[in-house]
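Quick notes on the structure that follows.
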Amino acid sequence: MADAKRMVRVFDTTLRDGEQSPGCSMNTAEKIEVAKRLEMLNVDIIEAGYPASSPGDLESVRIIAATIKQSAIAGLCRALEKDIDAAREALQKAASPRVHIFLATSPIHMEYKLKMTPEQVLERAVDAVKYAKKFCADVEFSAEDAFRSEPDFVCKVFSAVIAAGASTVNFPDTVGYAMPQEFGARVRYIISHTTGMEKALLSVHCHNDLGLAVANSLAAIEAGAGQAECTINGIGERAGNASLEEIVMALRVRKDYYNVDTRIESAQIYPASRLVSQVTGVKVQPNKAIVGENAFAHESGIHQHGVLANPATYEIMTPESVGISKKELVLGKHSGKHALSERLAELGFVIKGKALDEVFANFKALADSKKTVSDRDIEALVIGTAGAVPEKWKLDRWVINAGSSVPSISAIRLEAEDGGMREAVHFGNGCVDAAFSAINKLVGKEVALEMFELGAITGDTDAQGEAMVKISYEGGIWNGRGVSTNIIESAIKAYVAAINSMESESAQRSS
Ligand code: KIV
Ligand code: ZN
């Protein structure tokens, strides 16, 4: 009889390691949407943030902990009582809280960053785990930069923290330095030389500096690791973290090789990937495994012929298995709410009640201005309503006069929170400059544009334009996204959305 499949836990850190990377910031409402999607994916643990890092982070971990019930919620802390206290406060309402404590164990980190001796690090790690254990049964300890640490020192620290109550010990390759075979061998060594390992789970957390984060995570799983830390689309510090979708699908497609599985609902992978890309404004490269635009596209005639005869000739997994629907079903202005809701469900979006009414109203408005509404349009409508923040400013109307031999001039009218209309006129070096400068004048802030991208959601001439912007103001960065059949309007909407995100965060901070 074949051995029963071993289950590996998926610890998702999109909202912490992913979010802390440059250009990937999300507002609280967006983080909640992502957390709900991660719950639908059935991840075992969601690392919701680093509560001691800012009041905003504490608040978003607190709301996610109160909202999500199926996945455990982790809060990251340094090995300091004040950080652990912040995590305690943030995780109060979690159904399954986890305190995640990290402390570096490599010679270079201990000497130059922590300025601590190995003995002091060992003592601090044990004290921190004991402190967290007083209020949380589930404590994870991470030895930061573990791969560049002395293996026997890591075993000593892990043995001590397990004795102090840690139920998961994490072995990160913080700087993405390891090679897969070497990493697998090291994980095997750590498991067999740590006292009490039978009472705890060994986790790995790999960074992608040499493009090996997924390969290293899989090598570690093969060597006995029971938890993999990863992010959607592989976002994260520098070159990113191991990508959740790649680890999960490698284990699933090659179950014959690994005999290991996860609890992930793989059909939720693509909607989760799209959501994270939309809310962070970070595009997925077209050739990215599993979720890239071309992951299931067959360009050459020979391949197309083979796939038509039998998809398995060139596809090792079906697009449907990761939530990509190949049955393109076009809706139009005569389609009703029921048809929309069914199509949404097929695309992986479970939307009911008021949220469905809102998406349906937007769908009707779109169907009036566009002959056919495709799956990509529907997806854009849903993601456009996800993570929306209170609208301090709403676009009421706009006019831009532009041409090759005249300066651009814009007149933008915004509706303020109090219902009053404010209008500003501005010249600019092109339509976008004229429009964004007028908006800055209206909101009274010299907001800077850090990134601006414009694309079309589908290929037809009446396609919706999709704009993504990143703005900065007084050291903060915010994203905004706008969709419209008029590309200039999509840009204006994206800019106003980013300003609303900024305003809602400063309102939260001052309340
Ligand atoms: O990369 C790393 O070491 C981390 C730890 C905090 C787990 O992100
Ligand atoms: Zn990390």
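Quick rundown of the values:
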quantity: Per-pair calculated FRET efficiency, R0 = 41 Å: residue 259 and residue 293 via Cβ, rounded to 0.05; calculated: 0.80
quantity: Rounded D (µm²/s) - the chain, Kirkwood Rh over Cα pairs, Stokes-Einstein at 10 °C, 1.306 mPa s; calculated: 65
quantity: Probe 1.4 Å, protein heavy atoms only - accessible area per residue of the range 160-224 in square angstrom; calculated: 37
quantity: The range 7-280 - Rg and Dmax from Cα coordinates, angstrom; calculated: 17.0, 48
quantity: Computed lengthening from residue 285 to residue 330, 0.36 nm per intervening residue step minus Cα-Cα distance; calculated: 13.6 nm
quantity: Debye intensity ratio in log₁₀ form over the Cα atoms of the range 405-456, taken at each q of 0.26, 0.29 Å⁻¹; calculated: -1.01, -1.09
quantity: Residue-normalised accessible area of the range 393-510, expressed per residue, 1.4 Å probe, Å²; calculated: 47
quantity: Listed residue pairs exceeding 21 Å between alpha carbons, taken from 283/441; 352/392; 283/333; 113/134; 392/493; 36/352; calculated: 283/441; 352/392; 283/333; 113/134
quantity: DSSP-defined antiparallel bridges as percent of all bridges, the chain, nearest 5; calculated: 50
quantity: For the range 133-175 and the range 59-110, distance of Cα centres in Å; calculated: 15
quantity: The range 24-157: projected area of the alpha-carbon convex hull, averaged over directions, in nm²; calculated: 8.4
quantity: Alpha-carbon gyration tensor eigenvalues x 5, square-rooted, for the range 393-510, Å; calculated: 22, 17, 14
quantity: Rel. contact order, % - alpha carbon contacts under 8 angstrom, at least six apart, the chain; calculated: 12
quantity: Segment residue 461-residue 361, length gained on full extension (0.36 nm per residue, minus Cα span); calculated: 33.7 nm
quantity: Anisotropy class of the range 210-327 from Cα gyration tensor, a/c 1.5 cut; calculated: oblate
quantity: Relative packing of 266-276, 146-156, which averages over residues the other C-beta atoms within 10 Å, highest first; calculated: 266-276, 146-156
quantity: Carbon + sulfur, % of accessible area of the chain - ligands and nucleic acids excluded, 1.4 Å; calculated: 53
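The values are calculated or read from the model by the stated rules, or taken from the named source; none is laboratory data. What you see is a predicted model, and the numbers here were worked out from it, not measured in a lab. Backbone-built Cβ (ideal geometry, glycine too); neighbour counts: all protein chains shown. We work out accessible area using only protein heavy atoms, side chains counted, and drop any ligands, DNA or RNA first. Shrake-Rupley method; radii C 1.70, N 1.55, O 1.52, S 1.80 Å.
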